[in-house]
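Encoded as structure tokens, the structure appears first; notes follow it.
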Amino acid sequence: MAKDVIIACDFDGAKKTLEFLDLFKDEKPFVKIGMELFYSAGPDIVRELKNRGHKVFLDLKLHDIPNTVKKSMAVLSGLGADIVNLHAAGTVNMMKAALEGLTRADGTRPLLIAVTQLTSTDGESLRRDLLIDKPMEEVVMHYALNAKSAGLDGVVCSPLEAGKVHAVCGEDFITVTPGVRFAGGEKGDQKRVTTPEQARILGSDYIVVGRPITAADDPVAAYERCLKEFLG
Ligand code: C5P
């Protein structure tokens, strides 16, 4: 299983993103493009970062009827993304359709992972807004199993859930985990955080790290520290 640090490039345009990545002279970090950057810079930002030699996690969290998701995934696959994602709440049929759409003519495809429940959703909003009475952990594990049964490669989850997801869905089922902070660092709006080293011990396969790297005085040094602590 490949383990890596993915930098969340949460910038509002291509220029800032490319200037930030130009700081890295000796390495080509794995990067995450989220909705903000994709909606402002468009599909060209994916092609540009791929041409520059980066691996790209396209974090667009699709959720629609199976046919629409299938066709949209075919477009994203054509951009050359390495990992894409969707909401497991879209059902097993939607996830299966997504996989079909992603598979290229030569049989290759990006990895496909599912968001189970957003970390911004708590037990109370699960019950009140979504009318789901089961405990959060049971819901998350059920959605992870749905993703696995649809043939997906893994889930986005908290590092604190990574061990349980592996226990339920298998060691090869990938866990991609945001919510990582250096010991003593600013938490920002993240609540349940772990250090890169704890994420490794808990079994995360990929950690997604934004502000601890992008807002650091020396982003390259922060990235290297993160790699060192996570890879051990
Ligand atoms: O700056 P920070 O390290 O908090 O960035 C974390 C990244 O991971 C952001 O792009 C955020 O949108 C994303 N993310 C998250 N929690 C989730 C899903 C995605 O923090 N449950």
| query | Do we find a residue being open to solvent by 10 Å² or more (accessible area, probe 1.4 Å) and modelled with pLDDT of 95 or more anywhere in region 154-162? | reply | yes
| If you go through region 193-205 one residue at a time, do you hit one that is at negative phi, within 12 Å of the ligand (Cβ to nearest atom) and part of a loop (DSSP other than H, G, I, E, B)? | yes
| request: From Val69, Val31, Val75, grab the single residue that is among the β-branched types (Val, Ile, Thr), outside any loop (DSSP other than H, G, I, E, B) and open to solvent by 80 Å² or more (accessible area, probe 1.4 Å). | output: Val75
| request: Taking Thr175 as the residue in question, decide whether it is β-branched (Val, Ile, Thr) and within 11 Å of the ligand (Cβ to nearest atom). | output: no
| Which one of these does Ala74 not meet: (1) more than 16 Å from the ligand (Cβ to nearest atom); (2) hydrophobic (A, V, I, L, M, F, W, C); (3) over 19 Å from Gly101 (Cβ atoms)? | (3)
| note | Per the filter on region 5-16, residues surrounded by 15 or more Cβ atoms within 10 Å (Cβ to Cβ) and either away from the ligand (no atom under 16 Å from the Cβ) or under 18 Å from the mean Cα position of the chain (by Cα) (or both) are Val5, Ile6, Ile7, Ala8, Cys9, Asp10, Phe11, Ala14
| Every residue from region 1-16 that is of a type outside the set (A, V, I, L, M, F, W, C), at pLDDT 95 or above and not in a helix (DSSP H, G or I) | Lys3, Asp4, Asp10, Gly13
| query | Does Lys134 qualify as being open to solvent by 50 Å² or more (accessible area, probe 1.4 Å), away from the ligand (no atom under 16 Å from the Cβ) and under 23 Å from Gly90 (Cα atoms)? | reply | yes
| said: Restricting to region 17-28, give me the number of residues that are modelled with pLDDT of 95 or more and either of a type in the set (Val, Ile, Thr) or open to solvent by 70 Å² or more (accessible area, probe 1.4 Å) (or both). | reply: 6
| request: Check off (1) open to solvent by less than 40 Å² (accessible area, probe 1.4 Å); (2) in contact (Cβ under 8 Å) with a residue 24 or more places away in the chain for Ala216 and give me the number that stays unchecked. | output: (2)
| Hits in region 34-62 - residues which are surrounded by 16 or more Cβ atoms within 10 Å (Cβ to Cβ) and within 20 Å of Val155 (Cβ to Cβ) | Gly34, Lys55, Val56, Phe57, Leu58, Asp59, Leu60, Lys61, Leu62
| request: Being surrounded by 18 or more Cβ atoms within 10 Å (Cβ to Cβ) and more than 16 Å from the chain's Cα centre (by Cα) is the filter here, so list the residues in region 201-212 that pass it. | output: Leu202, Pro212
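The values are calculated or read from the model by the stated rules, or taken from the named source; none is laboratory data. Being a predicted model, the structure only gives us computed values, none of them experimental. In this analysis, Cβ positions are derived from the backbone assuming ideal geometry, glycine residues included, and neighbour counts consider all displayed protein chains. Each accessible area value is taken on the protein alone, full model and side chains, heavy atoms only, with ligands, DNA and RNA left out. Shrake-Rupley method; radii C 1.70, N 1.55, O 1.52, S 1.80 Å.
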